[in-house]
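Please read the structure below before turning to the comments.
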Amino acid sequence: TTFFALLNWRAFAERERQMHLLRPFVAPEGLYEHLLTDIPAENRALPPFDELIRTVLDAGQGYLIPVGARAALVDAYACPRVGGDIPSINALLPALAPGTLLLPIDPAQYGGAAWAVPLWTGQNLVGVLLLGEKRDGSLYMQEEIELAQAAGERLLDTQASAELARRLAALQRRELAETQIADRRTRRTLHDDILPQLHTALLTLPPEHPAVTELTAVHRQISALLREM
């Protein structure tokens, strides 16, 4: 009884530890809050990815590289930060087929990474997660690789959604500014050009002219419209 009690307690403690490590991946504000700011792309950090590499997987090196349409929306990330370029994965893409969980690669060619984990959305390859060896020298378990794959796919999807939201917000701000400029230009034209011309026409025409009444009504309508605007 004592043995099973200890076993259940350790299983519960391990589950709680895993849930604590995965909390950044289920909190939306922690995933893409950094993308909704005006920080330049090269200065942005991705805390959940750092947590995945350093804490969850205990890997010495990691790269999150988008592929296809995601590459136009999402930046590649490295943990820890690298001073040079992100390694190119073009040579790896033909070897990544649906169902591939892990692919060994040459660390000398891929910035110290020894394993490539493909990331999918359905049957479409959306990115590749490159992992270095574990810092303690142990091997990756299948559960850890599957966890890394799921977390990487979620990170890419969330970043792409956040980038789209940021771009749409920028377009909306620009459209609002253009609309305000057009409104001001319209009001200025009505106030500075059209109303004086109508007033001049009213003063030029004799009072008994049939157009005076209509011009007076138009003048009043435009004046009232300007006051409302």
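Points to keep in mind about this one:
- Selection from the range 139-150 of residues that are open to solvent by 10 Å² or more (accessible area, probe 1.4 Å) and in contact (Cβ under 8 Å) with a residue 12 or more places away in the chain: Y140, Q142, E144, E146, L147, Q149
- Per-region count, the range 102-124, residues surrounded by fewer than 19 Cβ atoms within 10 Å (Cβ to Cβ) and under 19 Å from E153 (Cα atoms): 7
- The range 172-209: number of residues that are over 24 Å from L225 (Cβ atoms) and either of a type in the set (G, A, S) or loosely packed, with under 10 Cβ neighbours inside 10 Å (or both): 3
- Segments classed as strands (runs of 3 or more DSSP E), wholly inside the range 72-152, with at least 3 members that are under 23 Å from P48 (Cβ atoms) and more than 20 Å from the chain's Cα centre (by Cα): 115-121
The values are calculated or read from the model by the stated rules, or taken from the named source; none is laboratory data. Worth saying up front: this structure is predicted, and the values here are computed from it rather than measured. Methodologically, a virtual Cβ is constructed for each residue, glycine included, from the backbone with ideal geometry; neighbour enumeration extends over all protein chains shown. Accessible surface areas use protein heavy atoms only, side chains included; no ligands, DNA or RNA. Shrake-Rupley method; radii C 1.70, N 1.55, O 1.52, S 1.80 Å.
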